[in-house]
Amino acid sequence: MTKQPEDWLDEVPGDDIEDEDDEIIWVSKSEIKRDAEELKKLGAELVALGKNALDKIPLDADLRAAIELAQRIKMEGRRRQLQLIGKMLRQRDVEPYRQALDKLKNRHNQQVVVFHKLEQLRDRMVDGSDEAIEEVMNLWPDADRQQLRSLVRNARKEKAGNKPPKSSRQIFQYLRELSENQD
């Protein structure tokens, strides 16, 4: 008995393999490109970091060397190096890198919030609020009240005379030192 062409359609190679458990997940070409572009952006963020910040990220030696090279390269070579870094990141688990970057960004954001609070406190002291000086003394009991009052008095004189705010800067610096020494 010879097989008719219609019978051959029934015999698909690999049809006898049960693949109910092995579902194949198809990823579109566009999604692959988006993921690659996202990793390239992550690589660019890593390249933009300074040496101290880069030390805080758990990088392997090859990736670290590629990033340091990209930091030294300019123009077209840098673009190609960023593509290489993106390719290297595709072969690694990038979650530790993202967590470390988020931690660095969050620390920066927290520092900005603290600086804004210190600036507001300083501005209240200079604008004439004695309650602000008491608030400083409650927050940092080891603060020098006499030095603080002297700086505030000088800042008020500078503000009234339209002079550069040297004392205001000194107050902010003093408050920042107090908050850093507390931590």
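Numerical summary
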| read-out | value |
| --- | --- |
| Solvent-accessible area per residue for the chain (1.4 angstrom probe, square angstrom) | 75 |
| 3J(HN,Hα) from dihedral phi, the stretch 45-57, Karplus parametrisation 6.51/-1.76/1.60, rounded to Hz, x for glycine, proline | 5, 5, 5, 6, 6, x, 4, 5, 5, 5, 5, 7, 9 |
| For the stretch 52-141, size of Cβ-based charge dipole, Lys and Arg +1, Asp and Glu -1, in debye | 1020 |
| Net charge, Lys103 excluded, C-beta distance under 15 Å - Lys, Arg +1, Asp, Glu -1 | 0 |
| Contact order relative to length of the chain, as percent, for alpha carbon pairs under 8 angstrom and 6 or more apart | 16 |
| When each of Lys29/Lys56; Lys117/Lys166; Lys40/Lys105 is checked by Cα-Cα distance, pairs over 30 Å | Lys29/Lys56 |
| Cβ charges +1 (Lys, Arg) and -1 (Asp, Glu), total dipole of the chain, debye | 2900 |
| Asn52-Asp142 pseudo-label distance in nm [points 7 Å out on the Cα-to-Cβ vector] | 2.2 |
| Fraction of accessible area attributable to carbon and sulfur, the stretch 54-126 (%, probe 1.4 Å) | 51 |
| Taking the C-alpha atoms of the chain, convex hull volume expressed per residue in Å³ | 266 |
| Student exercise, the stretch 20-85 dipole from Lys, Arg, Asp, Glu Cβ charges, in Debye to nearest 20 | 900 |
| Charge dipole of the chain about the Cα centre (unit charges at C-beta), most positive-ward option of Leu148, Gln111, Ile25 | Leu148 |
| Dipole-positive endmost among Gln120, Pro96, Ala70 within the chain (Cβ charges, Cα centre) | Gln120 |
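The values are calculated or read from the model by the stated rules, or taken from the named source; none is laboratory data. Since this is a predicted model, take the numbers as computed values, not measurements. Virtual Cβ from ideal backbone geometry, glycine too; neighbours counted across all protein chains shown. Remember, those area values only see protein heavy atoms, side chains included, never the ligands or the DNA or RNA. Shrake-Rupley method; radii C 1.70, N 1.55, O 1.52, S 1.80 Å.
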